[in-house]
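Note sheet for the following structure.
The values are calculated or read from the model by the stated rules, or taken from the named source; none is laboratory data. No experiment lies behind these values; they were computed from the predicted model shown. Here the Cβ is made from the backbone with ideal geometry for all residues, glycine too, and neighbour counts use every protein chain on show. Accessible surface is based on the protein model in full, side chains and every heavy atom, while ligands, DNA and RNA are left aside. Shrake-Rupley method; radii C 1.70, N 1.55, O 1.52, S 1.80 Å.
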Amino acid sequence: MQNENSENPSQTLFAWSAPLRSYHPASGSVLRFCIAVASLLSALAWIFSDKILILPILAVVFVFYVLTTSKPPIVKHEITKFGLSFAGFHTRFESLSYYYFLKKYSFYVLVVVGQPPSSHHTYFVIDTEENKQNIDRILSEHLVKQSEPLPNISDKLGNWLTTLIPDENIN
């Protein structure tokens, strides 16, 4: 059985290749800060006799280290007549509600939000301004564009936590 979206190029409205996630290698100061916070939390867990908490703390440090030092794979993204597809996953326009763009590091991130009640978010990394304009033009025919996302509690918490990390020169 053939997949009609990727096998038939006439169904593809626009395609681009970009990293799976926005990526910027962390400097040594950020990694040292993360290790210092993990060491402090581990020491507190050791003092209060909760030694089992040291394992999840070390696991989080390891995941942070891996995500900041390894480059993500390049995947192909497509906008078809029926919806969006990336890395083998397909989402139809009928199940989507609206979209908006974010700027993260040197990439644009397209965030597509699904219909309620699940309202799942799908993230697509866009590498150039030209691709962003083409994607915006095509998606505006099918979905509603939101100029700025409405911040929820996790966004507010994430923004507050990023203020604690040492500053870097990010272009």
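So the values come out like this:
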read-out	value
Close pairs from the range 118-131: first in contact (Cβ under 8 Å) with a residue 24 or more places away in the chain, partner assigned to a helix (DSSP H, G or I) and open to solvent by 30 Å² or more (accessible area, probe 1.4 Å), Cβ under 8 Å, at least 6 apart	Ile126/Lys132
Candidate set: the range 73-90, residues that are closer than 25 Å to Asn152 by Cβ and aromatic (Phe, Trp, Tyr); chosen: the one least open to solvent (accessible area, probe 1.4 Å)	Phe86
Per-region count, the range 63-95, residues more than 19 Å from the chain's Cα centre (by Cα) and among the aromatic types (Phe, Trp, Tyr)	2
From Phe124, Phe93, residue being surrounded by 15 or more Cβ atoms within 10 Å (Cβ to Cβ) and within 12 Å of Pro19 (Cα to Cα)	Phe124
Test result for Ala43, farther than 22 Å from Ala26 by Cα and over 15 Å from the mean Cα position of the chain (by Cα)	yes
Selection count, the range 28-72, where residues are touching a Pro at 6+ places or on another chain (Cβ under 7 Å) and either at pLDDT 90 or above or surrounded by 13 or more Cβ atoms within 10 Å (Cβ to Cβ) (or both)	4
Near pairs, Cβ below 7 angstrom, 6+ apart or cross-chain, from the range 34-62 (within 20 Å of Thr162 (Cβ to Cβ)) to any residue that is open to solvent by less than 100 Å² (accessible area, probe 1.4 Å) and of a type outside the set (A, V, I, L, M)	Cys34/Phe64; Ile57/Ser42; Val61/Cys34
Count of the range 104-121 residues which are open to solvent by less than 70 Å² (accessible area, probe 1.4 Å) and either part of a strand (DSSP E or B) or at pLDDT 90 or above (or both)	8
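A quick yes/no check of all residues on (1) hydrophobic (A, V, I, L, M, F, W, C); (2) surrounded by 14 or more Cβ atoms within 10 Å (Cβ to Cβ); (3) within 17 Å of the chain's Cα centre (by Cα); (4) at pLDDT 85 or above:
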{"site": "Glu130", "(1), (2), (3), (4)": "no, no, no, yes"}
{"site": "Asn134", "(1), (2), (3), (4)": "no, yes, no, yes"}
{"site": "Ser140", "(1), (2), (3), (4)": "no, no, no, yes"}
{"site": "Lys145", "(1), (2), (3), (4)": "no, no, no, yes"}
{"site": "Pro166", "(1), (2), (3), (4)": "no, no, no, no"}
